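Structure, as structure tokens:
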Amino acid sequence: MVRTRIDKDRLSDLVVYADESGDHGMVSIDKNYPVFALVFFIMHREDYLNQLNPDFQRLKFSYWGHDQVVLHEREIRKKLGPFSILSDPQVEAEFMRDLTDVIDRTQMELCVSAINKEKLLKKYPTPWNPYEISLHFCMERLLTCLRGHGQEGKRVFVVFESRGKNEDNDLELAFRRIAANQNSWGWRSTDFSEFDFEPVFAKKDANAAGLQMADLIARPCGLHVLRPSGTNRAWDTVRSKIGSRWKNFP
């Protein structure tokens, strides 16, 4: 259905951005990182506009002199592209401290699903696609969050990073099936019809703060599942923002 006009009163007060860490494929599993993690980053729209966006811009201007750098966990970790400045240990320490401060003070809520694919394969010989499992869990936890903020009847956009035409089409189909209560898998019955969900796909270079935040958070969650007793300072920063909406499966 083509919508020609947006009813502003029905728009959710919350913004939702999603990103993942790891490969959801089950044929060839990376022994070093056999994990798939999906994060829904949720924030009040006004806080997003007035707090997170300015914080990210200040951080970027202070290190690069402009705000067109996209904060991407993999490039930061490997010191690629503009993050080659982190090859200087002092700069890296200062940057990670400043980035951690931004994450720590961001008034966010997180819905997270993390799957150890090796364990999943041992438990279920022909498991569902880890992305679909994670998407369903995160959508269920998003419902709890939306209800807690009194968003019933609102139109909720979930912004995903685009991964290519075919991948985006598959994800949109799975998303709409869940939102239409068609994705019944016998685990529990959840009614999504009280909200008007709509997926949005954005490219990485769109420079959306919410997508960057979801990307920065996803891998620490995956590492926590892989090595729960290991040192993980990023996990220590975000764990309090997840609470009961964390799902480690299976």
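Every read-out reported here was derived from the displayed coordinates using simple, explicitly stated rules and does not represent laboratory data. Being a predicted model, the structure only gives us computed values, none of them experimental. We place every Cβ from the backbone using ideal geometry, glycine too, and count neighbours over all the protein chains shown.
Based on the Cα atoms of region 86-212, what semi-axes does the equivalent ellipsoid have, where each is the square root of 5 times one gyration tensor eigenvalue, given in whole Å with the largest first?
Numbers: eigenvalues 178, 86, 53 Å².
With the √(5λ) rule applied to region 86-212, the semi-axes are 30, 21, 16 Å.
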Equivalent-ellipsoid semi-axes (√(5λ), Cα gyration tensor) for region 188-244, whole Å, largest first?
26, 20, 10
Mean ellipticity per residue at 222 nm, deg cm²/dmol - from DSSP H runs of n ≥ 4 across the chain, formula -39500 (n - 2.57)
-12500 deg cm²/dmol
For the chain, divide the Cα radius of gyration by the Kirkwood radius and give the resulting Rg/Rh value with two decimals.
0.96
Which one, K154, K117, K203, has the greatest fluctuation when you compute a Gaussian network model over the chain with C-alpha springs under 10 angstrom?
K203
Sum of side-chain charges, K204 neighbourhood, beta-carbon under 12 Å (Lys, Arg +1; Asp, Glu -1):
-3
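R0 = 25 Å: FRET efficiency of Y33 with T144, Cβ-based, nearest 0.05?
Once rounded, the FRET efficiency stands at 0.30.
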Only Lys, Arg, Asp and Glu count, each charged at its Cβ (+1, +1, -1, -1), so figure out the dipole size of region 11-249 about its Cα centre, rounded to 20 debye.
780
For S87 and Y124, compute 0.36 nm times the residue count separating them, minus their Cα-Cα distance, and round to one decimal in nm.
9.0 nm
Which of Y63, Y124, Y17 moves most in a GNM of the chain, Cα contacts under 10 Å?
Y124
Across bins of 10 angstrom width beginning at 0, how are the C-alpha pair distances of region 27-129 distributed, in whole percent?
12, 33, 28, 20, 7, 0
